[in-house]
Amino acid sequence: MSTGLTEVPFLDVGASYREIEGEIDEAVRRVLASGRYVLGSEVEAFEHDYAAFVGAPECISVANGLDALTLALVALDVGPGDEVIVPANTYIATWLAVTRSGASIVPVEPDEATYNVTADAVEAAITNRTKVIMPVHLYGQPVDLAPIRALAGKHGLRIVEDAAQAHGARYRGARIGSDADVVAWSFYPGKNLGAVGDGGAVTTGDAALADRLRSLRNYGSTLKYVNEEVGFNSRLDPIQAAVLGVKLRYLDEWNRRRGEIADRYQTELEAAPVRLPHVLADVLPAWHLFVVRTAYRDNLAEHLSRCGIGTMVHYPIPPHLQQAYAHLGFEEGSFPITEAVHREVLSLPIGPHLSAQQHAQVIDAVGEWAPAHH
Ligand SMILES: *Cc1c(COP(=O)(O)O)cnc(C)c1O
């Protein structure tokens, strides 16, 4: 079936490098020649530029997205005895951060339409031990934050957003991460803004929290060999900072291309036997992933694979059913909406690397698919 057609990889992480190879090589060489290999001006410059990009007063870079989430919780004094509300339907890193902080995980089911948590589900999970709500902008679709902010205000809770998939996404016109929010980011290579290795950051408007994070990521120290608290070693590598600084200048354009592909999928797959992403009014998704849903997911994946099209499942096993969390005692059926989502979702190729011919090929292949019942 794929004869004469290009293969369509699910994701080509090297493509963004090849597009701006000269600029990236130059940035890497600059760091190598500088002799400054931990923190320093390259890291500060990226923090400044990323804060400006999202519209946040402060950006504190760290080694990866999991650390960004973990350190944000630790800096908010979240620990044993506290509860953190997280989506049941998320990548496991959201849960791992809570575990690392010592607090207890309180999972809530997603909304069937958006796959994200809603204020109603969050409110039902609040107890007198709740300290933080952690919404995840899953697949790059912004969570409906306003009612969750209202809840947090009413109950005296903090919000830590997991925006690992939402670089550049907008909610009510403002970028995710703007204003005073505490927001954790990942720059894992496959994200919308990806390094050539690991990276992460927290953005915030809380200056005291920012100072604490700068200390926590650097051994709990702000003055060399003076340690104010038990910290971590979680610093963004200057080479990664320099590469990210170059890529950041292309992020809006790359997200625009993702949006264009998403729009074509939305209109041209309208009649296909799959459920398409539901986009809330007044949000601009980052389109990290384009996720369709069907009860015949594996059959669709096989069909697309025969057509030379790569797909992925985000994610095949929900955190509560992972062996890592067996000790929490959640059985199959504890979160039925989440479990159904994990059984039925499939991510189609989307990314700035996809040519018009390639996404047309995806549209044709999904359009001609008829679920095989066997
Ligand atoms: C990628 C991701 C993370 C973790 O980021 P790393 O940089 O890989 O540690 C956390 N949450 C979500 C939703 C992610 O997609």
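The values are calculated or read from the model by the stated rules, or taken from the named source; none is laboratory data. Keep in mind that what you see is a predicted model, and the values were worked out from it rather than measured. Cβ: placed from backbone, ideal geometry, glycine included. Neighbour counts: every protein chain shown.
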Practice prompt. Name every residue in region 316-334 that is buried (at least 17 other Cβ atoms within 10 Å of the Cβ) and either under 16 Å from residue 291 (Cβ atoms) or small (Gly, Ala, Ser) (or both), in order of residue number.
Written response: 318
Item to complete: Filter region 222-261 down to the residues that are modelled with pLDDT of 95 or more and among the hydroxyl-bearing types (Ser, Thr, Tyr), then identify the one that is nearest to residue 43 (Cα to Cα).
Response: 234
Worksheet item: With 11, 32 as the choices, which residue is surrounded by 14 or more Cβ atoms within 10 Å (Cβ to Cβ) and not in a strand (DSSP E or B)?
Response: 11
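Going through region 188-209 one residue at a time, which ones are hydroxyl-bearing (Ser, Thr, Tyr) and under 13 Å from the mean Cα position of the chain (by Cα)? Quick ask: steps written out before the conclusion?
Of region 188-209, the ones hydroxyl-bearing (Ser, Thr, Tyr) are 188, 203-204.
188, the sole residue that qualifies.
If only one of 152, 180, 164 is outside any helix (DSSP H, G or I), touching a residue at least 12 places away in the same chain (Cβ under 8 Å), crowded, with 18+ Cβ neighbours inside 10 Å and not aromatic (Phe, Trp, Tyr), which one is it?
Numbers: 152 fails: outside any helix (DSSP H, G or I); 180 fails: crowded, with 18+ Cβ neighbours inside 10 Å.
Among 152, 180, 164, only 164 is outside any helix (DSSP H, G or I), touching a residue at least 12 places away in the same chain (Cβ under 8 Å), crowded, with 18+ Cβ neighbours inside 10 Å and not aromatic (Phe, Trp, Tyr).
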Item to complete: Kindly indicate which of 39, 73 is outside any strand (DSSP E or B) and within 16 Å of the ligand (Cβ to nearest atom).
Response: 73
Worksheet entry | Of residues in region 172-187 being among the hydrophobic types (A, V, I, L, M, F, W, C) and more than 14 Å from the chain's Cα centre (by Cα), the one nearest to the ligand (Cβ to nearest atom) | 182
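Among the listed residues 194, 190, 220, identify the single one that is within 16 Å of the ligand (Cβ to nearest atom) and surrounded by fewer than 19 Cβ atoms within 10 Å (Cβ to Cβ).
Values: 194 fails: surrounded by fewer than 19 Cβ atoms within 10 Å (Cβ to Cβ); 220 fails: within 16 Å of the ligand (Cβ to nearest atom).
One residue alone meets the criteria, 190.
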Fill in: Subset of region 183-203 [of a type in the set (Phe, Trp, Tyr) and in a loop (DSSP other than H, G, I, E, B)]
187, 188
Worksheet, complete the sentence: Residue hits (region 296-316; touching a residue at least 60 places away in the same chain (Cβ under 8 Å), within 23 Å of residue 91 (Cβ to Cβ) and part of a loop (DSSP other than H, G, I, E, B)) are 310, 311, 314, 315
Worksheet entry | Sole exception among (1) of a type in the set (A, V, I, L, M, F, W, C); (2) under 21 Å from the mean Cα position of the chain (by Cα); (3) closer than 30 Å to residue 109 by Cβ for residue 78, by number | (2)
